[in-house]
Structure formats: structure tokens, C-alpha cells
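Novice: Got a structure here, written out as C-alpha cells. Questions coming.
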Amino acid sequence: MASAEPGPGRGGRGVAARARATRARDRAFRVLMDHAHGFMASQVLFAACELGVFDVLAARGGAGAEAVAGAANSDPRATRLLMDACAGLGLLRAGPDGSFSNTALASDFLVTGSPLSQRGMLLYLAGTTYRCWAHLADGVREGRNQYARAVGVAAVEDPFAAIYRSDAERRLFACALRETWSVWGGRVLTAFDLSAFQRICDLGGGTGALARQAARLYPGSRVTVFDVPDVVAAARVEEEEEAEPGAGPGPRVRFVGGDFFRSRLPRADLFILARVLHDWTDGACVRLLRRAGGACGAGGAVLVVEAALAGGGAERGRALLLSLNMLLQTRGRERSGAEYRALAARAGFPRLRLRRPGGPYAAMLARK
Ligand code: SAM
Ligand code: ASE
């Protein structure tokens, strides 16, 4: 090793400088391998979710690998390896007697039925998203989504033809996206005081999770969700099923089905566009914002909710990866606040204010 070789005989400075260089290179090697092995950490998380490791541990208040393997119908030795890896990632706590329990992270976010569960998102990322990412180099070469290679559905013009290629996929995508708002919905909806808006329409609002929170936070408003007919039909059914006896009727939202590029939009004072613009090209975004502007009166506004690219730090790094995800899964990308401001201005919303309520999503309010 270079660091073990004797110095050239010029005293301590050369040795110290070489030692520093070696330490820096060792650190760089660690960073490189952390990135290179990143997909393994993702797969440990995905596999443990798929096998129900966190659910079994939640139900039993902790258990050994043998018991989890019994419940998951998996190989005991391999299950032990997986659970050790989970402990290494901070997902499980290993006890002295060979038993494991969920960490707070796992109890909050990985257990099925936890109010903050993100399990659907992880299963979605593990499936369609991961398959698209296997073709990142092709995506960059071609500059378009990779559904043809990843799932055998060519859907360059309308990515949702691939995203919704089966009922099961439509349900999983909706579940994945809905889960975000159990953690961040309140924060993005209270970044600005929206109580002046009487009619709120969540455009591309999916199954209505964010809309229901808006209705709860702003009881003076009437909230409508606009989305494609299949999503709306499923959302209506789910809403009926969710009306639990004793829980009282949650705030009701109205659902309208259609194509937001072509159909007449419901009239509203505020249009929410959450994670919609990042799916589309600049031209399509301007068209969509113009259509929203046409369906609201003089005091109308749009609330854009996106992982807006910021100056630096870890959140910027993640948003840049999400931007590549949009390349592989949609026609869009993640944009900066300035880029959203420019799109809104082109569509007739000259002033856009951006607030970051913490977490991955920024809220941007633009008035006509
Ligand atoms: N706003 C939700 C959220 O943030 O959880 C869902 C965002 S999802 C990425 C994009 C939504 O746009 C989907 O619910 C999809 O069905 C809807 N969408 C896509 N194309 C549409 C169209 N042509 N007309 C109406 N809705 C559409
Ligand atoms: C889309 C969002 C996603 C389209 C395809 C997608 C996500 C995965 N695939 O609009 C979720 C992106 N992740 C986050 C944290 O937003």
C-alpha cells in the first residue's frame, strides 16, 4: 500500500500529506461503494415489506427469524440474513436473545394499516419503478419513458396508459400516492391560508386523500376531485367502503371524471395541482394551467405542490433522482420554483409565492 511505503526523507510533512491523501481516498471509496450498493439497501427494504416481516413483528411484538420465516413461508436461514440486514439499515432492532423488533421508523411507516404507512409506495417502487430504472441508460439515450422495455406497454404520449395497465396496477399506484399525504398533506395545505377559497378543485387528485384533508382543514370550502373516469369510479367505491360505522361521516368530497386536457373542468376558486405538472412537458403544463385559469374567476388561484428543486443539500439530491424517475415513468421532470413561476406566468398567473413547510414538497400559490 502506498501509505505504508517509507517517505522520500524530507521529514514529517510528506508523510502527513500522504496520510491525508490516503484518508481522503478511503472516504471517496466508501462514498462510491455506498452509491454502488444503494440498490441493495432498497431491495432489502422492498423484500422485507413484500414478505410481511414488519407486519409479523408488529402482530407479535417482536419475534425470532424462525417464527417470521414460519409466518412468511420463507427459508429460516435466509430470513435471518434479511432481518440482520434490516437491523443494519435501522429498520429492525436485534435483541440479545436472537429476537427482532420493529424500530420506530418501521412501526410508523412500514407496518400495514399504520396510519402513516408508506408500504404501498415501497411496493410500487419495488415493482414498476424499479423495472423502469433497469433501463436508465436507454432512457437517457432516447430521452423518453421506458415502459416498452420495462412492462411491455408502449406509452410515450400518455404514460398513464402504462401506469394504469391493469386494475391491480391502478390500485397500487393510487395507494402509493395517497400514502404521502398522511404524512405531508396537512403541511402543504396549511403553508398558505386557503380559507378564502370557497370552491376548491384538486385536478388530477387521484382517490381524494389530499382533497379530504383540504375539506377537513377548510370546512367552509366545497372540495371536488377531478381525475380520469377509472380512478374516479374506484375512488367512489373506496369512499363507500371506508365509511366505517361509528367513525362518523368524514368530510365528503365530490368526484368528477374526465380528461383534464380536453373535458370541461368544474368551476372553482382554487385549483390544486399536486404532483401533476411533474408528469408533463412545459407546453402541456402551460395548457393545463391555462385551462385551470379559464375555469376560475377573477380572484382565482392555483396551488402547485411539487418536490421543487432547491439550492442544495440532501433534499436537492433526492429531487434530482426523482427528476430522472419522471424521465423513466412520465413525460416530465422535477422543476425549480423559478421554473414553476415561469410556467405559471405564461399561463396567466403572474405572481407565484413558494413556501417550504418542511419535508419533500413545496407549496406554490399563484393568483390570476
Ligand atoms: N394529485 C395526486 C397526488 O399527488 O397524490 C395524484 C398525482 S398522480 C402523479 C397524477 C394524477 O393525474 C393521477 O391521479 C392521474 O390519474 C391523473 N391524470 C393523468 N392524466 C390525466 C388526464 N388526462 N385527466 C385527468 N387526470 C389525469
Ligand atoms: C408520478 C409519481 C411517481 C409518476 C410516476 C411515479 C412516483 C413514482 N413513480 O407522478 C412517486 C415519486 N416519489 C415521490 C416521493 O414523489
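Where a number appears in this text, it was derived from the coordinates with a stated rule and is not lab data. All values reported here derive from a predicted model rather than from experimental measurement. As a convention, Cβ positions derive from the backbone with ideal geometry for all residues, glycine included, and neighbour counts pool all protein chains shown.
Novice: Considering only residues that are more than 13 Å from ligand 1 (Cβ to nearest atom) and part of a helix (DSSP H, G or I), look in region 202-239 and name the one that is farthest from Gly257 (Cα to Cα).
Specialist: Here the residue is Leu217.
Novice: Can you report the number of residues in region 142-169 which are assigned to a loop (DSSP other than H, G, I, E, B) and more than 15 Å from ligand 1 (Cβ to nearest atom)? Walk me through it before giving the result.
Specialist: If we filter region 142-169 for residues that are assigned to a loop (DSSP other than H, G, I, E, B), which is where we start, we get 143-146, 152-159, 164-166.
Narrowing further to those that are more than 15 Å from ligand 1 (Cβ to nearest atom): 143-144, 146, 152-154.
Result for region 142-169: 6.
Novice: Right, something else. For region 65-79, check the following and say yes or no: at least one residue is in contact (Cβ under 8 Å) with a residue 12 or more places away in the chain and within 30 Å of Thr330 (Cβ to Cβ).
Specialist: No, region 65-79 contains no residue that is in contact (Cβ under 8 Å) with a residue 12 or more places away in the chain and within 30 Å of Thr330 (Cβ to Cβ).
Novice: Of all residues in region 299-314, which are surrounded by fewer than 18 Cβ atoms within 10 Å (Cβ to Cβ) and either within 14 Å of ligand 2 (Cβ to nearest atom) or closer than 24 Å to Asp259 by Cα (or both)? Give the derivation first.
Specialist: Keep residues of region 299-314 that are surrounded by fewer than 18 Cβ atoms within 10 Å (Cβ to Cβ), which gives 299, 310-314.
Of everything in region 299-314, just one residue is surrounded by fewer than 18 Cβ atoms within 10 Å (Cβ to Cβ) and either within 14 Å of ligand 2 (Cβ to nearest atom) or closer than 24 Å to Asp259 by Cα (or both), namely Ala314.
Novice: Next up: Scan region 258-295 for residues that are surrounded by fewer than 22 Cβ atoms within 10 Å (Cβ to Cβ), outside any helix (DSSP H, G or I) and away from ligand 2 (no atom under 16 Å from the Cβ) and report the count.
Specialist: Within region 258-295, residues that are surrounded by fewer than 22 Cβ atoms within 10 Å (Cβ to Cβ), outside any helix (DSSP H, G or I) and away from ligand 2 (no atom under 16 Å from the Cβ) number 10.
Novice: Right, next: I want to confirm something. Restricting to region 131-141 and keeping residues that are assigned to a helix (DSSP H, G or I) and without any contact (Cβ under 8 Å) to a residue 40 or more places away in the chain, which single residue is farthest from ligand 2 (Cβ to nearest atom)?
Specialist: Start the filter on region 131-141 by keeping residues that are assigned to a helix (DSSP H, G or I), which leaves 131-133, 136-141.
Next, only the ones that are without any contact (Cβ under 8 Å) to a residue 40 or more places away in the chain stay: 131, 137-138, 141.
On the way: Arg131: 11, Ala137: 19, Asp138: 17, Arg141: 20 Å.
Checked region 131-141; the qualifying residue farthest from ligand 2 (Cβ to nearest atom) is Arg141.
Novice: Just give me the residues in region 169-198 being among the aliphatic types (A, V, I, L, M), out of contact with any strand residue (DSSP E or B) (no Cβ under 6 Å at 6 or more places or on another chain) and within 16 Å of ligand 2 (Cβ to nearest atom), in sequence order.
Specialist: First, pick out the residues of region 169-198 that are among the aliphatic types (A, V, I, L, M): 172, 174, 176-177, 183, 188-189, 191, 194, 196.
Next, from what is left, pick out any that are out of contact with any strand residue (DSSP E or B) (no Cβ under 6 Å at 6 or more places or on another chain): 172, 174, 176-177, 183, 189, 194, 196.
Hits for region 169-198 are Leu172, Ala174, Ala176, Leu177, Val183.
Novice: Also, I was wondering about something else. Could you grab me the full set of residues in region 337-364 that are surrounded by fewer than 19 Cβ atoms within 10 Å (Cβ to Cβ) and either within 16 Å of ligand 2 (Cβ to nearest atom) or β-branched (Val, Ile, Thr) (or both)? Talk me through it step by step, then tell me what you get.
Specialist: Quick first cut of region 337-364, residues surrounded by fewer than 19 Cβ atoms within 10 Å (Cβ to Cβ) only: 338-339, 342, 345-346, 348, 350-351, 353, 355-360.
Residues satisfying the conditions are Arg356, Pro357, Gly358, Gly359, Pro360.
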